[in-house]
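The values are calculated or read from the model by the stated rules, or taken from the named source; none is laboratory data. Keep in mind that this is a model prediction, so the values were computed, not measured. Every residue, glycine as well, gets a Cβ built from its backbone with ideal geometry; the counts of neighbours run over all protein chains shown. The accessibility values were calculated without ligands, DNA or RNA, using every heavy atom of the protein model including side chains. Shrake-Rupley method; radii C 1.70, N 1.55, O 1.52, S 1.80 Å.
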Amino acid sequence: MKPIRILAAALAAAIFAAAPAVLAAGYPDRTITIVVPFPAGGASDITGRQIAAKLGETIGQTVIIDNRAGANGSLGAGLVKQAKPDGYTLLVGSIGVYAINPALFKDLKYDPLKDFDLLSVAVRTPNVLVAHPGFPANSVAELIAYMKQNPDKVSFASSGTGSSDHLTAALFMQKTGVTGVHVPYKGGAPAITDLIGGHANVSFQNLGAIANHVKAGKLKALAVTAEKRTAVLPDVPTMAEAGVKGVDVYSWQAAAAPKGLPADVRAKLESQIIAGLKTADSTAKFNDIGFDVVANTGKEFESFLAAEIARWKSVIETGKIAAE
């Protein structure tokens, strides 16, 4: 009897081990939900909807967006962490969700490196240092000189505490030794509106959000935080060209899933998301709003994210920045 029991146990173990693979073979057989942890209309939402549209075409199922805004994206990310790792709940969020929140929030309910299967960094865009046209500085060098002569006088508008534009300003001040006043807004749009209206002096804003305002003369661009000049604003120098090194900053959007996806489901999602991002229409759509398609692998995303977390943790700790 003992050999029979051993054989039965071995067969049961084999069946149990094979079950996830069998289940995954039919994936997907129902609607997939992409949680976007921000309101509709922003960069994460636009990215999530494009990924959803392309994924739906290639994977053969409906893909819907669920906007769950709150706490700089941490609310929605926390919900995804708790979801079943079966490939039916995904996350598309920003640099803030993945790389900034871990240092910004002391009681964060998720660890981006431990609680998610990272699928791909979808897109990225540099920030642009812009100023109101009437502001006296017309270059980065002039801005630094002005700020040294007027410490804690220049106002830096941002889309909120802990945002990419806020931390870029903090990094800029740390690298140059100048001090200014951070003025957080509830989103990039009101920050830009006040900047155009002359109620704020300068700001680091996403390229796509300010390019048309610069071209229309409503704002003046002093530098771009990219590694090289951008085709959208070819006459604007990089921060390094303007004399400030170490302020190469990109705001980015990425896709992930709850930790523990079956290997074949993870591979399928990763390959299909990457393929959808690299299509001509996706590239054109993102380029039109100032984003470059990255579409890297999950493994590349992991090493990139580790470096980003370390970088922004240093900026936050040095600047003694806390969530509001």
Scanning segment 216-243 for residues that are among the hydrophobic types (A, V, I, L, M, F, W, C), free of Cβ contacts under 8 Å to residues at least 24 places away in the same chain and over 19 Å from Asn287 (Cα atoms) gives Ala216, Ala240
Among the residues of segment 72-116, write down those that are open to solvent by less than 10 Å² (accessible area, probe 1.4 Å) and at positive phi. Gly73, Gly87
Asn127 being in contact (Cβ under 8 Å) with a residue 24 or more places away in the chain, crowded, with 19+ Cβ neighbours inside 10 Å and over 29 Å from Asp281 (Cβ atoms): no
Of the numbered conditions (1) farther than 26 Å from Pro37 by Cα; (2) assigned to a loop (DSSP other than H, G, I, E, B); (3) not hydroxyl-bearing (Ser, Thr, Tyr), Val214 fails exactly one; give the number of that condition. (2)
Scope segment 54-103; condition closer than 11 Å to Ile34 by Cα and in contact (Cβ under 8 Å) with a residue 60 or more places away in the chain; matching residues: Leu55, Val80, Gly87, Tyr88, Thr89, Leu90, Leu91, Val92, Gly93
Among the residues of segment 244-261, is any open to solvent by less than 50 Å² (accessible area, probe 1.4 Å), without any contact (Cβ under 8 Å) to a residue 60 or more places away in the chain, of a type outside the set (Gly, Ala, Ser) and in a strand (DSSP E or B)? no
Name the residue, out of Asn206, Asn287, Asn296, that is open to solvent by 50 Å² or more (accessible area, probe 1.4 Å) and either at pLDDT below 95 or closer than 22 Å to Ser94 by Cα (or both). Asn287
Just to be sure before I move on: is Ile273 in contact with a strand residue (DSSP E or B) (Cβ under 6 Å, 6 or more places away or on another chain) and in a helix (DSSP H, G or I) in the structure I sent? yes
Answer yes or no: is there a residue in segment 147-161 that is at pLDDT below 95 and charged (D, E, K, R). no
Could you count how many residues in segment 30-41 are part of a strand (DSSP E or B) and under 26 Å from Ile210 (Cα atoms)? 1
From the list Thr168, Thr161, which residue is within 17 Å of Ser94 (Cβ to Cβ), in contact (Cβ under 8 Å) with a residue 12 or more places away in the chain and open to solvent by 10 Å² or more (accessible area, probe 1.4 Å)? Thr161
Polar (S, T, N, Q) and in a loop (DSSP other than H, G, I, E, B): does that describe Thr193? no
Which residues, counting only those in segment 162-199, are farther than 28 Å from Pro37 by Cα and either small (Gly, Ala, Ser) or modelled with pLDDT under 95 (or both)? Gly177, Gly180, Gly197, Gly198
Filtered residues of segment 35-77 (kept if farther than 27 Å from Lys114 by Cβ, at pLDDT below 95 and under 17 Å from the mean Cα position of the chain (by Cα)): Pro39, Ala40, Gly41, Ile46
From the list Asn127, Asn150, exactly one residue is of a type outside the set (Lys, Arg) and more than 29 Å from Phe304 (Cα to Cα). Which is it? Asn150
Output for segment 225-243, where each listed residue is within 18 Å of Val293 (Cβ to Cβ) and open to solvent by less than 60 Å² (accessible area, probe 1.4 Å): Ala226, Thr230, Val232
Answer from Lys218, Lys268 - the residue that is among the basic types (Lys, Arg) and either under 30 Å from Gly298 (Cβ atoms) or at pLDDT below 95 (or both): Lys268
Please indicate, with yes or no, whether at least one residue in segment 215-227 is of a type in the set (Gly, Ala, Ser) and closer than 22 Å to Ala52 by Cβ. no
